[in-house]
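Here is the structure we will look at, set down as structure tokens.
The values are calculated or read from the model by the stated rules, or taken from the named source; none is laboratory data. Predicted, not measured: the structure shown is a model, and the values here were computed from it. Methodologically, a virtual Cβ is constructed for each residue, glycine included, from the backbone with ideal geometry; neighbour enumeration extends over all protein chains shown.
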Amino acid sequence: MCEGSSSSEMKVVFPMKLISWSLEDQNGEALTTPILLQDRNGPCPLIALVNTLVLQFDFRNAHFDGGILSQSEKQYEQIKNLKSKLFTHYHNSSSIDLADILGLVADLFLVYAEDVPNLSHEMVDNILQQLPKLHTGLDVDPNLTNGDFSQDLATTLFTIFDLRFKHGWVIEDCGRKGYTDDEDDSTNEPLLILHDLQTFDKVQDYLLLSDTNSSVAENQRLIRMWLDETCSQLTMKGLKLLDSDLSSPQFAIFFRNNHFNTLFKKSRNEFYLLITDSSFQSKSGKLVWQSLNSVSGEGDLFFTGDFMPVLDIDQDIGQQGETFDSDMMLSRQLQEEEDEALARKMQEKYEKRKTRQSPKETVVKKNEETASKPVKEKKKKKFFGFLSR
């Protein structure tokens, strides 16, 4: 569930840092970009949005005639103003308040909205009112067949800002013709159903069916198994689609593990995630990117701003090497724990919703649950919006 802003939320402060980065065709000229960092509460859509916007601006500014040709003059000036304000906040306190960054994003949104055809004033007002959700969380419904999302606030907002919004949690291909001729079609059958359902919300609805048909129950079991096996929300098919859907080089907002990240596709099959963990803020400024090459993450490396791998931690980080190793191990451990927790929450949510759908069980337990459970349940809450807070 996503909530609006409150007085306590408006006191949130985002740490910042400056990164220096470059591509091979920049003749050695490095770009300096101010970025927001995530605190101990984890990343949020606001961080990914702001970082992706300023990085994309710097990239376009360096490669497309000062950036003017790739956006309107108003958009160019407004993002330039955003970057300037971020520099000011960084030099003053190395941080920025939530209220300040939301105000800057709102001003930028109004400029971008001017160039969107058929965007009503009511829609603009509605989006402005919901901008605080960029900090508290956004509801998203991944399409498990194409790496996109159902149309909602998140997709509308990122589209207005001219940003690609992608994920890599995609079902493997399975042919419809002749799949029953396989020796074992127990895998193909749930995959076919997943392809028909397409979105995660519809998959949830299917898992709640109380059909007495044994094949439905078996499919539900296999689908839950697939969800559990892919709880990191990334598949090989997803990586392949990501490569084909994005041009190179290109920035995008990438959704994985219920987090929003800044993704950079440098070239074919070459992806990098911007490092925004504030625990690395005190480390050497060389650490800017982390590669995204595999589902398991075993082959992923840290990279400098000019995309050189950081292979020797002790040499590249110096005396901070041991601390960095500890942070890296802790980060990976937390990620593994998060994946496990995600699978547990998915199963718990399914069981709770299944129980609520049974009228007989509801009548039997009514007296026992009156004190702890409201009489009326709200409409289904999106799983991803709840966990991405």
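What the table shows:
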{"item": "Those residues of segment 267-288 which are at pLDDT 85 or above and more than 17 Å from the chain's Cα centre (by Cα), in sequence order", "result": "Ser267, Arg268, Asn269, Glu270, Leu287, Val288"}
{"item": "Among residues of segment 244-280, those that are in a helix (DSSP H, G or I) and not polar (S, T, N, Q), counted", "result": "2"}
{"item": "Per-region count, segment 234-266, residues under 13 Å from the mean Cα position of the chain (by Cα) and either surrounded by fewer than 18 Cβ atoms within 10 Å (Cβ to Cβ) or under 13 Å from Glu172 (Cα atoms) (or both)", "result": "1"}
{"item": "Segment 68-86: number of residues that are under 25 Å from the mean Cα position of the chain (by Cα) and hydrophobic (A, V, I, L, M, F, W, C)", "result": "3"}
{"item": "Restricting segment 1-21 to residues that are out of contact with any strand residue (DSSP E or B) (no Cβ under 9 Å at 6 or more places or on another chain) and surrounded by 14 or more Cβ atoms within 10 Å (Cβ to Cβ), the residue that is modelled with the highest pLDDT", "result": "Glu9"}
{"item": "Number of the condition not met by Arg221 [criteria: (1) under 22 Å from Thr145 (Cβ atoms); (2) at pLDDT 95 or above]", "result": "(2)"}
{"item": "Residue among Thr212, Thr199, Thr230 that is under 18 Å from the mean Cα position of the chain (by Cα), at pLDDT below 95 and not acidic (Asp, Glu)", "result": "Thr230"}
{"item": "Which listed residue, of Leu144, Leu104, Leu128, is touching a Ser or Thr at 6+ places or on another chain (Cβ under 8 Å) and free of Cβ contacts under 8 Å to residues at least 60 places away in the same chain", "result": "Leu144"}
{"item": "Failed item in (1) closer than 14 Å to Ile160 by Cα; (2) of a type in the set (A, V, I, L, M); (3) in contact with a Leu (Cβ under 7 Å, 6 or more places away or on another chain), with Val111 passing the rest", "result": "(3)"}
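For (1) touching a residue at least 60 places away in the same chain (Cβ under 8 Å); (2) surrounded by 15 or more Cβ atoms within 10 Å (Cβ to Cβ); (3) in contact with a strand residue (DSSP E or B) (Cβ under 6 Å, 6 or more places away or on another chain), each residue gets a yes or a no:
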| position | (1), (2), (3) |
| --- | --- |
| Tyr90 | yes, yes, yes |
| Leu108 | no, yes, no |
| Ala113 | no, yes, no |
| Glu122 | no, no, no |
